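So the structure is just underneath, and the comments pick up after that.
Bear in mind that the values in this text are calculations on the coordinates, not laboratory data. Every value quoted in this text rests on a predicted model; they were computed, and no experiment measured them. Neighbour counts are summed over all protein chains in view; Cβ atoms, including those assigned to glycine, are modelled from backbone coordinates with ideal geometry.
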Amino acid sequence: MLKVDVQKQLGDLALAVQFESRGLVTGLFGPSGAGKTSLVNMIAGLMRPDSGRIALDDVVLDNVATREHVPPHRRHIGYVFQESRLFPHLSVRQNLDYGRRMNGLPRNEGEEDKTITLLGIAGLLDRRPAQLSGGEKQRIALGRALLTKPRLLLLDEPLGSLDDERKSEILPFLIRLRDEAKVPMVYVSHDTAEMRELATNVVILKRGAIVAQDGVEILPVT
């Protein structure tokens with residue numbers, strides 16, 4: 001379980017958030033500028049809170065009061081950004097393997113095959129990123145994150161840069177990821193349809209504060 005209780009001054013925005021994850025996918029929902037990405041960056045260890053505490057499965061990742069801070073590469077957290085951030089000079093196969101190698105993990109061909117099948121990317125392995133669609137690139141980014149064996153997967157608006165056709169292409173893979181891989185996720189979006197499809201619980205942020213948290217029924221009707 002992820003437990004977050006942090007405060008951070010971000011220019012004019014005072015971020016103060018406290019929540020616990022419930023279920024497999026915690027949705028962080030709210031308008032641009034609400035503090036969603038900054039919060040995810042703190043969970044990932046890329047940004048430190050001014051005060052407070054973050055813990056994952058009873059392992060303390062940040063505790064400002066006791067000066068505890070686990071660096072990002074030791075958190076075992078996968079991060080998928082809005083842009084896929086693939087290496088253009090590497091093949092899909094090499095991009096998939098990059099995270100595993102950088103984390104010093106042993107190769108597990110069974111897990112590789114399972115991930116490749118789950119994301120439907122077997123036919124893409126020898127291509128370069130320039131030969132992929134936006135939806136295909138995001139599937140590769142997901143696969144790369146999964147192969148680092150994360151305890152938690154952070155997805156910061158992974159469909160935000162895609163058109164409606166590409167969104168409808170990749171959303172089923174995210175649902176399969178939730179139902180079959182069963183890796184806990186924090187999913188950031190301001191799209192209610194995505195949240196209703198994917199999230200098991202929702203935290204709604206506005207101007208740096210939580211205004212509601214519960215099941216998907218709290219999402220606004222559009």
| Considering region 176-192 alone, what residues qualify as being surrounded by fewer than 16 Cβ atoms within 10 Å (Cβ to Cβ) and outside any loop (DSSP other than H, G, I, E, B)? | Arg176, Asp179, Glu180
| query | Among (1) touching a strand residue (DSSP E or B) at 6+ places or on another chain (Cβ under 8 Å); (2) at negative phi, which single condition is His76 missing? | reply | (2)
| Which residue out of Glu68, Glu83, Glu109 is surrounded by 15 or more Cβ atoms within 10 Å (Cβ to Cβ) and acidic (Asp, Glu)? | Glu83
| query | Counting only residues that are farther than 12 Å from Val25 by Cα and crowded, with 17+ Cβ neighbours inside 10 Å, how many does region 195-222 have? | reply | 6
| In region 119-170, how many residues are over 24 Å from Leu61 (Cα atoms), among the aliphatic types (A, V, I, L, M) and more than 13 Å from the chain's Cα centre (by Cα)? | 10
| message | Quick test of your reading of the structure: Gly35 fulfils all but one of (1) touching a strand residue (DSSP E or B) at 6+ places or on another chain (Cβ under 8 Å); (2) of a type outside the set (Asp, Glu); (3) at negative phi. Name the failing condition by number. | response | (3)
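Sort through Leu125, Leu86, Leu132 and tell me the only one that's farther than 23 Å from Lys182 by Cβ, free of Cβ contacts under 8 Å to residues at least 40 places away in the same chain and touching a helix residue (DSSP H, G or I) at 6+ places or on another chain (Cβ under 7 Å).
The conditions single out Leu125.
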| said: Could you list, ordered by first residue, the pairs with Cβ atoms under 9 Å in which the first is in region 1-13 and more than 17 Å from Ala44 (Cα to Cα) and the second is of a type outside the set (Lys, Arg) and in a strand (DSSP E or B), at least 6 apart or interchain? | reply: Gln9/Leu15
| query | Condition test on Val17, is it of a type in the set (Val, Ile, Thr), assigned to a helix (DSSP H, G or I) and under 24 Å from Arg207 (Cα atoms)? | reply | no
| query | Which of the residues spanning region 146-168 are in a helix (DSSP H, G or I) and surrounded by 22 or more Cβ atoms within 10 Å (Cβ to Cβ)? | reply | Leu146
